[in-house]
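Let me begin by presenting the structure, written as structure tokens, before commenting on it.
The values are calculated or read from the model by the stated rules, or taken from the named source; none is laboratory data. Just so it is clear, the structure is predicted and the values come from calculations on it, not from any experiment. Counting neighbours? That spans all protein chains shown, and the Cβs are built from the backbone with ideal geometry, glycine included.
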Amino acid sequence: MVPLRGRPRACSGACSAGFATLAAVVALACLNEADDTAGTEFQESSADDVMYGVSHNMSKDGIREAQLQADSMLMWNDSTHTWVMGMTLFVFDDQGGRRATITADRGRFDMSTNELMAVGNAMLTIPGQDREIRTEVLNFSQESDRVWSDVPVVMREGGCEIEGDRLESDISFDQVKLWGTRERDCPER
């Protein structure tokens, strides 16, 4: 370390901008400490635009099926994909009641297809079924009426936890399927 000589100097506008840029780069790099392939774009580029306090409705045939809310959204001019940070997706039934909620640290959202990949501490709660599903990556596709995960999941239902290798469901959550299941922490039946 080289000692400073003389009086300390105040940081000029250029210096402040440099610190702000450095802080933004460090923050984006920290977002992707996990080895998931979904987050590698953060390290390779910086966003062209950032929005805060985002709310986006997804409808099909004039009926709102879902609403995406996020703390912030990172967008690139040459892509239909955006990254949302601190995200919550509310899934609705035909009468507008809440069918399910998906939360995650961040998500990769395709604005042209309304597909979402929730990444990091993803949790799906289905209040009408007293069901909660946790995983690291959870996908939602409005177009194909599908929710799925190809990585290990833990489902809590009726006081029982079940581990699975992967998950697939329709958006109505009437047909939730788990593969490679193992029960844990289940009361005697």
Inset, instruction - With respect to Asp93, determine if the residue is out of contact with any His (no Cβ under 8 Å at 6 or more places or on another chain) and within 23 Å of Glu136 (Cβ to Cβ). - result: no
Inset, instruction - Taking the residues in region 133-189 that are small (Gly, Ala, Ser) and more than 26 Å from His56 (Cα to Cα) as candidates, determine which candidate is modelled with the highest pLDDT. - result: Gly164
Inset, instruction - Tell me which residues, restricted to region 157-175, are more than 19 Å from Thr103 (Cβ to Cβ) and either of a type outside the set (A, V, I, L, M, F, W, C) or outside any strand (DSSP E or B) (or both). - result: Gly158, Gly159, Glu163, Gly164, Asp165, Arg166, Glu168, Asp170, Ser172, Asp174, Gln175
Legend entry - Val147 vs. criteria among the aliphatic types (A, V, I, L, M), over 30 Å from Met51 (Cβ atoms) and either in contact (Cβ under 8 Å) with a residue 60 or more places away in the chain or in contact with a Ser or Thr (Cβ under 8 Å, 6 or more places away or on another chain) (or both): no
Inset, instruction - Test Thr125 against the criterion of being at pLDDT 95 or above, at negative phi and outside any loop (DSSP other than H, G, I, E, B), and give yes or no. - result: no
Legend entry - Criterion (in a strand (DSSP E or B), touching a helix residue (DSSP H, G or I) at 6+ places or on another chain (Cβ under 6 Å) and on the phi < 0 side of the Ramachandran plot) met by exactly one of Val154, Val119: Val119
Inset, instruction - Could you give me the residue pairs with C-beta distances under 6 Å whose first residue belongs to region 64-85 and is under 18 Å from Phe140 (Cβ atoms), whose second residue is part of a loop (DSSP other than H, G, I, E, B) and among the hydroxyl-bearing types (Ser, Thr, Tyr) wherever it lies, and which are 6+ apart or on separate chains? - result: Thr80/Ser112
Legend entry - Check on Gly158, surrounded by 15 or more Cβ atoms within 10 Å (Cβ to Cβ) and in contact with a strand residue (DSSP E or B) (Cβ under 9 Å, 6 or more places away or on another chain): no
Inset, instruction - Can you work out which of the residues in region 98-116 that are of a type in the set (Val, Ile, Thr) and in a strand (DSSP E or B) is surrounded by the fewest Cβ atoms within 10 Å (Cβ to Cβ)? - result: Thr101
